[in-house]
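Notes to accompany the following structure.
The values are calculated or read from the model by the stated rules, or taken from the named source; none is laboratory data. Model, not experiment: these values are computed from the prediction. Counting neighbours? That spans all protein chains shown, and the Cβs are built from the backbone with ideal geometry, glycine included.
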Amino acid sequence: MDLRELFQRQGVLPAPMCGISDYPFRELCRRMGAELTTTQMVSAEGIVRGDTHSLSILDLNEDRGEPPEPALMIQLFGGDPEAMGEAARRLEAAGAAVIDFNMGCPAHKITSSQSGSALLKDLPRVGLIFRSLRRATTLPLTVKMRWDWGEGEGAALEVARMAESEGFEAVCLHARTRAQGYSGQAQWGQIGRLCTAVKIPVIGNGDIRTPADALAMRAASGCAAVMIGRALIGDPWLLGETLAALRTGAAEPARRAPAWPERRRMMIEHARMMFERRGPRGLVLFRKHAAAYLRALPGAKHARERLMHVSSFEQLAEALGE
């Protein structure tokens, strides 16, 4: 897969999100026009051990005896170079189209094991991981990272140069530091600095809530593509609308999510896919999506309370019909 060509067709990517980016969510993204979709991050060491929980996180069709998903990016996290390389080999065999390396997660349970954004403080180890990944697979490799651990000068600049020199095809910057978490404002100027530091494509991430935001980020930074995360939860339409805006170069400054009938239809379809995939457990996992779909609607609080207690797909559809 040539990522430069892909970004010309698909200028917006759904971000890998823990507890969100399962097969049903990826399928909705494909229906909205995405060619390349992304799994949530998974432990490289878990993949190497054959850990069933790690494999279930990926929610791959292969495990169900179904054809592999087209154009799937799988995101790995970990700090051991050898495990990263072996996991990449196994995931290539499992049908991955792109391997993404997580250097952006700010969660303590990840950084405490010297993974995620903690690697911004250990660039020699990053170099070893990059080389291990590149030796292990011929697939396109990308890395998603933060600007720095704290208020530094931008470790991401050196990481991007290292990635380019090791043959990575693209880098993605969430334009916040690890210290910021998800608070404050993303600094799109940092994405622009990254674009001037390397020749490989740069994907910009952070604070895209409307198609107009995506156009503004690209204009401000010169990034090859944008990535949308939390704003897609409960609003898959945003992906399709942003794709259209990037293709035409135009978007309305304000945007409204679809009215209730369309939201209800999408909720039922999303819940149906999750129920068929995981049974009653799928309806429990759907609750976080349901709360987001209902955002800002009259009676949302009552509907959320009802949905917290449904135990069958029929009960869910009935609750949404009231």
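Of all helices (runs of 4 or more DSSP H) completely enclosed by region 1-87, which ones contain at least 1 residues that are surrounded by fewer than 21 Cβ atoms within 10 Å (Cβ to Cβ) and in contact (Cβ under 8 Å) with a residue 40 or more places away in the chain?
Filter on region 1-87 gives 3-9, 23-31, 44-49.
Say whether the condition of being assigned to a helix (DSSP H, G or I) and of a type in the set (Val, Ile, Thr) is met by at least one residue in region 295-318.
So far as region 295-318 goes, no, none of its residues is assigned to a helix (DSSP H, G or I) and of a type in the set (Val, Ile, Thr).
Which ones in region 150-170 are acidic (Asp, Glu) and closer than 23 Å to Met73 by Cα?
Those that are acidic (Asp, Glu) and closer than 23 Å to Met73 by Cα: Glu164, Glu166, Glu169.
Quick check on Ala257: is it in contact (Cβ under 8 Å) with a residue 12 or more places away in the chain, touching an Asp or Glu at 6+ places or on another chain (Cβ under 9 Å) and assigned to a loop (DSSP other than H, G, I, E, B)?
Considered against the rule, which asks whether it is in contact (Cβ under 8 Å) with a residue 12 or more places away in the chain, touching an Asp or Glu at 6+ places or on another chain (Cβ under 9 Å) and assigned to a loop (DSSP other than H, G, I, E, B), Ala257 comes out as yes.
Conditions: (1) free of Cβ contacts under 8 Å to residues at least 60 places away in the same chain; (2) part of a strand (DSSP E or B). Asp100 meets all but one. Number of the miss?
(1)
Going through Gly222, Gly234, Gly240 one at a time, which residue ends up being under 23 Å from His174 (Cβ atoms), at pLDDT 90 or above and over 20 Å from the mean Cα position of the chain (by Cα)?
Gly222
Name, by its number, the condition in (1) in contact with a helix residue (DSSP H, G or I) (Cβ under 9 Å, 6 or more places away or on another chain); (2) under 30 Å from Val198 (Cα atoms); (3) among the small types (Gly, Ala, Ser); (4) buried (at least 19 other Cβ atoms within 10 Å of the Cβ) that does not hold for Gly229.
(1)
For a quick check of your reading: which helices (runs of 4 or more DSSP H) sit entirely within region 104-165 and have at least 3 residues that are surrounded by 15 or more Cβ atoms within 10 Å (Cβ to Cβ) and either outside the structural domain of Pro201 (by TED's automatic domain parsing) or not β-branched (Val, Ile, Thr) (or both)?
Here the list reads 123-136, 155-165.
Taking Ala179, is it out of contact with any Pro (no Cβ under 6 Å at 6 or more places or on another chain), in a helix (DSSP H, G or I) and not basic (Lys, Arg)?
no
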